[in-house]
1. What is the residue count in segment 213-238 for residues that are buried (at least 17 other Cβ atoms within 10 Å of the Cβ) and of a type outside the set (Val, Ile, Thr)?
2. Identify all residues within segment 176-197 that are of a type outside the set (A, V, I, L, M, F, W, C) and surrounded by 20 or more Cβ atoms within 10 Å (Cβ to Cβ); write none if there are none.
3. Any residue at all in segment 237-260 that is at pLDDT below 95 and over 17 Å from the mean Cα position of the chain (by Cα)?
4. Can you go through Arg190, Arg136 and tell me which one is in contact (Cβ under 8 Å) with a residue 24 or more places away in the chain and in the same structural domain as Asp48 (by TED's automatic domain parsing)?
5. What's the number of the only condition in (1) at negative phi; (2) under 19 Å from the mean Cα position of the chain (by Cα) that Asn199 fails to meet?
6. Can you tell me which condition Phe176 does not meet? The list is (1) assigned to a helix (DSSP H, G or I); (2) more than 17 Å from the chain's Cα centre (by Cα); (3) aromatic (Phe, Trp, Tyr), and all the others hold.
7. Name the pairs whose Cβ atoms lie under 6 Å apart, with the first residue in segment 207-220 and in contact (Cβ under 8 Å) with a residue 12 or more places away in the chain, the second part of a helix (DSSP H, G or I) and surrounded by 12 or more Cβ atoms within 10 Å (Cβ to Cβ), and 6 or more positions between them or separate chains?
8. Just to be sure before I move on: is Ala207 small (Gly, Ala, Ser) and either on the phi > 0 side of the Ramachandran plot or surrounded by fewer than 20 Cβ atoms within 10 Å (Cβ to Cβ) (or both) in the structure I sent?
Amino acid sequence: MRMSHALICGVLIASACHAAPQAEQECKDSACVDVSEVVKPILLTASDGVKVHGALYDAAKPRALILLFHQAGSSKDEYATIAPRLRDAGYSALAIDQRSGGGMYGTNQTAEGLGREADYVEARPDLQAALDWAQRQKLPIILWGSSYSSALIFPLAAGDPLGVVALLALSPGEYFDDKQMIRTAAAKIRVPVFIASTNSQEEVGEADPIMAALPKNAANERFVPGHAVHGSSMLIAKRNPEGAEANWRAVLAFLSRAVPAK
């Protein structure tokens with residue numbers, strides 16, 4: 001797995017890392033940190049028995065727990081640079097491999113274990129398994145989706161709102177056979193929602209009706225950045241060098257409003 005803001009200690013920098021034998025290390029700002037304390041593998045079981053692989057980024061004193069769901073053809077590694085930044089901002093984050101995904105950023109272990117292609121809707125039990133796990137952690141829960149998963153977080157939150165305090169949907173749309181499914185679910189959401197998309201006519205046309213369906217809430221935010229790419233990739237500097245930092249400012253400001261610091 002790629003690690004954010006860091007290089008895995010290897011032969012070239014072995015002299016800088018004074019670790020115990022066999023210990024995998026992450027080197028950051030000239031210091032060595034045990035990777036096992038930074039990213040923890042999580043294995044969940046969906047309601048139909050599918051094994052869902054995840055990576056947990058634990059904050060020291062988390063303000064909330066963010067569930068990170070990826071876009072089509074992707075994996076939890078879509079968040080390899082995003083989750084560490086959320087952790088550093090005070091949020092624990094769990095990124096999962098959904099069964100509808102692939103190797104865009106890294107290996108999708110859940111999809112590989114399934115042994116066949118799965119469509120978007122089939123991933124709903126994977127999201128539910130993550131939410132079930134999160135509800136046992138006794139922290140405020142934030143649902144974060146990218147592309148098709150940013151749409152699925154609306155029915156997820158509408159059907160099981162326990163502990164959910166906010167939603168972030170990056171490039172949502174009615175991507176399913178039922179072209180009213182996401183708007184119908186959005187109408188039931190009672191927590192703050194952040195909806196972002198590129199400024200393309202197609203993405204705006206997908207996202208705006210979902211925003212309009214939400215109950216009136218002054219905390220809701222519709223964000224159309226000047227520079228963006230599809231889904232959570234709009235926050236990845238290598239994918240969106242001109243706009244990633246500005247987009248991060250908007251996301252972090254929303255999170256601070258949704259879960260004020262104690």
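The values are calculated or read from the model by the stated rules, or taken from the named source; none is laboratory data. What you see is a predicted model, and the numbers here were worked out from it, not measured in a lab. Because the Cβ atoms are built from the backbone with ideal geometry, glycine has one as well, and the counts that use them run over all protein chains shown.
1. Within segment 213-238, residues that are buried (at least 17 other Cβ atoms within 10 Å of the Cβ) and of a type outside the set (Val, Ile, Thr) number 13.
2. Pro192, Ser197 - these are the residues of segment 176-197 that are of a type outside the set (A, V, I, L, M, F, W, C) and surrounded by 20 or more Cβ atoms within 10 Å (Cβ to Cβ).
3. Yes, segment 237-260 contains a residue that is at pLDDT below 95 and over 17 Å from the mean Cα position of the chain (by Cα).
4. Arg190
5. With (1) at negative phi; (2) under 19 Å from the mean Cα position of the chain (by Cα) applied to Asn199, the lone miss is (2).
6. For Phe176, the exception is condition (1).
7. Pro209/Arg183; Ile210/Ile182; Ile210/Arg183; Ile210/Ala186; Ala213/Arg183; Ala213/Ala186; Leu214/Ala186
8. No: the conditions fail for Ala207.
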